[in-house]
1. Of the listed peptides 877-884, 249-256, what is their order by residue-averaged count of other C-beta atoms within 10 Å, with the highest listed first?
2. What is segment 206-346 by shape, rounded, prolate or oblate, if you read a ≥ b ≥ c off the alpha carbon gyration tensor as root eigenvalues and call it rounded for a/c under 1.5, prolate for a/b larger than b/c, and oblate otherwise?
3. Classify segment 532-598 as rounded, prolate or oblate, taking a ≥ b ≥ c as the square roots of the eigenvalues of its Cα gyration tensor: rounded when a/c is under 1.5, otherwise prolate if a/b is larger than b/c and oblate if not.
4. For segment 281-315 and segment 504-518, what is the separation of their Cα centres, given in Å?
5. Roughly how many whole Å is it from the C-alpha centroid of segment 233-268 to that of segment 545-599?
6. Between segment 461-499 and segment 738-762, how far is it from one alpha carbon centroid to the other, in angstrom?
7. Specify whether the C-alpha gyration tensor of segment 616-761 places it in the rounded, prolate or oblate class, a ≥ b ≥ c being the square roots of the eigenvalues: rounded for a/c under 1.5, otherwise prolate if a/b is larger than b/c and oblate if not.
8. Counting other C-beta atoms within 10 Å, which of 274, 519 has the fewest, and how do the rest follow?
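No lab work stands behind these numbers, since they all come straight from the coordinates. As the structure is a prediction and not an experimental result, all values here were calculated from the model. Cβ coordinates were reconstructed from backbone atoms using ideal geometry, including for glycine residues, and neighbour counts include every protein chain displayed.
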Ligand SMILES: Nc1nc2c(ncn2[C@@H]2O[C@H](COP(=O)(O)OP(=O)(O)OP(=O)(O)O)[C@@H](O)[C@H]2O)c(=O)[nH]1
């Protein structure tokens, strides 16, 4: 293809030094010490935001490896959009988004901070001169951006997942020196699983050794997508980052050294040819590659290319942006990923990234129908549910007593009064504002003062106020429409992950009618905790404070677990990683001021029965809450066999999979599946104890409570099948309540567990982790040796042989597209330093996991052997190695390992 000089018509000739028109009139949000503070820019913006059409909304997140620069980039975004007066600095601890004291102290992001801002801040885009803005571009008019900053540390993966489900798009930030790192890969695949469109920002290009081209090739090789290079670094002759080259607009964007980045020199191609011919030539190459790539994935681009007489440079920037948007928004899985360049810390390249967020990422209406859950087996799309396609719901309901079955008409009627539904995706205790519940509204409009039915807790709370959050500033609003993110202050019960429903005429206690009353938006599974600490109040008087503080911690973070040992009275706080618990401890002691003694961090082992017990019956008879009640339960336990139950489920057998791979089997020899008795000789269930709801729930609660503490070592029970035989004639009395049934079940299961352990002692199980380690080539041998011999791990793959293995192990269900490395366009890296890679885009050796001299090892290793591993890895790799890990499974320990652990723990577990 012949390169042609760009025409005047498209790009003009005169370079213009453009200073933001907003610079002088930048709107600031003054941090108000109280919510009722005087109106600020945030107030103004909030009014605009609520009135903003949904097409002018972007709910985006920033995902990346720890330290890639998410917080630094967010701070610049807030600064350029006029929401902060000065640029915050992570290293000084003055950032707006990392607002928890623990985050500021550690310089890492712990909780997602959801903040809103408008880009561009006013009618015109502030960094481009008017004559250079395309009035038809989406980024030409203000768009309301709700930005959720997600944490990068592996311990917070659940927090990342939690935020991902409310996002419509994501910016993935890469460190231009480190390239694609292990955690990036993990979060990337999670985002892909949720079908979240992504764009990439290669940051830190000012740093020594930065290699943009190499990073671009890694995006292709390790993330399995086609990088569409939209921006390239503009280096000076001595390797200083001068700015970025805009491949879409074919221009150079120069940033003054040491400036705040608001002043941008915009140089058209012709000027660039005089100023820096090298960059001009590279921009043309990049533009050709971009058009070629888009033509392969977007038919419209092929037409435009033909219309432009096959001149890659003559296609307008608007056409290219539109094509990129089609690829990003409409393709699942996403095959083309736009890549931008910059250095947030040097205030370089952030405004083009903001434009890309508006121009390329979808609005809430352009997203697939969100998933909902209506019962253990009923899942579907929200829109399908709201439009009355309720067939699956009816099926589930028919298992209930016929008098309670819901007709399709009734269910449709129930939907008519549904005002709004929202997902509480984050709960934060703000020192000044109290508990804030962050929500995303999925349908209807949530109005201030509306009573909200919590479909999981089954209670009602009133949203007395609604807020929009602008970093540290909160603005009262009257309502929050579908697609928007907002905050409800003052709720007492709602937790992260709960679904809140606003429903006209709902009874405050009983809630809306079925099936609306138990609809769950975007449910996610909480992974098992693997570490725990014991927590004790420093005095009796502190007990209440501690209980309240722990309740709040659990509302904020459902991946934390609290259990109280009924016998010793000791409280255990369990979490997913050492850092996770350290942060929880800091939160408890530092922020929530709980006066507690906290034990050392220990591994959360489990224990499992090895032989079946006999059947045990226990009777519970006690005063519960001022009412005498009595109930009985009959239980036995046995080792659970994987997938061994499907045939055993029948009319009189109900099987439930519980946490920790325990299984509950309830047999009702005298009751039919709907709870009616099989013959007149047998009593039926009382009205207030329907089988499929109240009774099952009570038996499950009792079983779970018993399984929280094993009979020999006090660790939670794992891989155990609990059999309950239930017969109203034997287990129900006139004074039986659900609570009494639950307690009787707990006693019977505990007794059965003890009886099994008497026959043969339980065996301990330990968490085994799936570990992904990134090391340099030279240290590969010693790290592999250490993992497989000293740590008892088994190596599953080495990435250079098959770079997709890592992904396959963590997210096997996700399709990755085949990328031909020789077809990836990436500019040369003239200043990449010692381990510089080939500048040829066809260099396969560069692509196959070896791009920045790093190799990946995936191995399964017992968690115990990974405690304190980072320090050891650093010493083996000269400080360069990193790793991430997730729980793979719990495995039985050998007798020798178990004895060693018990000995170390001081061992009196009998
Ligand atoms: N040289 C250079 N340093 C940067 C750049 N962006 C960020 N940094 C530095 O990198 C470090 C990490 O930046 P953060 O913004 O805290 O990174 P993060 O991704 O938010 O980190 P977590 O919140 O811990 O996940 C800080 O010391 C920043 O000053 C950049 O463009 N150039």
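1. Final packing ranking: 249-256, 877-884.
2. Working: a/c = 2.08, a/b = 1.39, b/c = 1.49.
Taking the square roots of the gyration eigenvalues as a ≥ b ≥ c, segment 206-346 is oblate.
3. Taking the square roots of the gyration eigenvalues as a ≥ b ≥ c, segment 532-598 is oblate.
4. Centre-to-centre distance over Cα atoms comes out at 55 Å.
5. 49 Å
6. After rounding, the separation between the Cα centres reads 43 Å.
7. Note, shape of segment 616-761 comes out oblate.
8. Numbers: 274 10, 519 25.
So the ranking, lowest neighbour count to highest, is 274, 519.
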